[in-house]
1. Using beta carbons and a limit of 7 Å, which pairs, at least six apart or on different chains, have the first residue in segment 19-36 and open to solvent by 100 Å² or more (accessible area, probe 1.4 Å) and the second one acidic (Asp, Glu)?
2. Quick one: what pairs do we get from segment 174-196, first residue more than 11 Å from residue 280 (Cβ to Cβ) and open to solvent by 10 Å² or more (accessible area, probe 1.4 Å), second near the ligand (Cβ under 9 Å from one of its atoms) and hydrophobic (A, V, I, L, M, F, W, C), C-beta under 6 Å, 6+ apart or different chains?
3. In this structure, does residue 217 turn out to be surrounded by 18 or more Cβ atoms within 10 Å (Cβ to Cβ) and in contact (Cβ under 8 Å) with a residue 12 or more places away in the chain?
4. Look at segment 98-126 and say how many of its residues are within 8 Å of the ligand (Cβ to nearest atom), touching a residue at least 40 places away in the same chain (Cβ under 8 Å), outside any loop (DSSP other than H, G, I, E, B) and open to solvent by less than 30 Å² (accessible area, probe 1.4 Å).
5. Does residue 249 satisfy the criteria of being more than 28 Å from residue 144 (Cβ to Cβ), modelled with pLDDT of 95 or more and hydrophobic (A, V, I, L, M, F, W, C)?
6. Somewhere in segment 39-61, is a residue β-branched (Val, Ile, Thr) and open to solvent by 50 Å² or more (accessible area, probe 1.4 Å)?
7. What are the residues in segment 63-84 that are small (Gly, Ala, Ser) and surrounded by 15 or more Cβ atoms within 10 Å (Cβ to Cβ), if any?
8. Assess whether residue 226 counts as being within 18 Å of the chain's Cα centre (by Cα), in contact (Cβ under 8 Å) with a residue 12 or more places away in the chain and closer than 20 Å to residue 180 by Cα.
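The values are calculated or read from the model by the stated rules, or taken from the named source; none is laboratory data. Predicted, not measured: the structure shown is a model, and the values here were computed from it. No Cβ is skipped: glycine too gets one built from the backbone with ideal geometry, and neighbour counts run over all protein chains shown. What goes into the accessible areas is simple: the full protein's heavy atoms, side chains included, and nothing from ligands, DNA or RNA. Shrake-Rupley method; radii C 1.70, N 1.55, O 1.52, S 1.80 Å.
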Amino acid sequence: MKQTIVNELKRHAGEYVSGEYLSRMLDISRTAVWKDINELRKRGYIIESSSRKGYKLVFAPDILDPSEIGVNLGTALIGKRIVFFDEIDSTNNQVKKMASEGAEEGLVVVAESQTSGRGRLGRAWISPRGTGVWLSFLLRPLISPQEAQVITLAASAAVVSAIRIAAGIDTGVKWPNDVVLGGRKVCGILVEMSSEMDRINYIVVGIGINVSQNEGDFPEELRERAISLKSYVESCGEVFKGSGRSKLINTLLRELDRVYKKVYTGKVWEIIEEWKKCSATLGREVRIAVKDDVFTGIADDITADGRLLVKCGNGETREVLSGEVEVRGLLGYI
Ligand code: BTN
């Protein structure tokens, strides 16, 4: 109901829409329209009212709209089912729970805010209301657990592509899947797998994109390393127009579907090629920490199954499957 009012007010941008028109359209009383308008005001909408002319939308906050997220999605798999939460502990936790109850591949869980968002290596992921994209999706790929790294690369390539399409901003990927902008992290991806020795039960991919936080909104210890799309655009002296988070999610689901299709049609090499094109790692100096083993070198290439090849000073090339990777010039590695 409230969403229809918002849509009507947006359709008549800059004009008044009469209360009578809205009440007829929605088949509710004018008092009910007035109550809904007040509810919208509480959610951050600025709506002018005039007893003669009706209501005019002055400002619409960027609130997630489930109908816009799923509009004309046309995906083969990702987003076949979308579940929306206003608040949840962690979308990854929720998808895992639904996966263990038998949910089908392609399920997406989106939240307006997370109270216990999780990052890699047991870290927390701050996910405040209204400022980011916090979502997870479920895959049940018919590949071996050893090949699963490609899912990580596919997800990060899809994020880069979606941000370019929806917001016109070029980001890059720090291997394997931190999406970076202006040398700082704008998106993190948490991939969690349940598997047996030779078979994957399910993979949950959680994506967190910082969209409209101001620099001061990040905790102090992250400020040097984190950025949002908005604060990046503003640091370039421009105004962030964004595209709205619902549209960004819609684009992201399409891009994830496009890239994931390559996994089940046997075109994994195309994912590797696409990842290389948006890499912010290859050709740069990296410092790798695999437990106590710390070494530096030049990130030279990635293998067909997504391992990073690092050329070390002694001429040796080392293959890295996982570990902490720092890239000189990105996220504070000097
Ligand atoms: C990282 O540490 O880089 C990964 C961060 C992943 C955050 C996302 S937000 C949506 C999903 N739910 C979570 O609890 N984490 C992921």
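1. Qualifying pairs under 7 Å: 30/20.
2. 191/205; 192/204
3. For residue 217, the condition - surrounded by 18 or more Cβ atoms within 10 Å (Cβ to Cβ) and in contact (Cβ under 8 Å) with a residue 12 or more places away in the chain - is not met.
4. 0
5. yes
6. yes
7. Within segment 63-84, 70, 79 meet the criteria.
8. Answer is yes for this residue.
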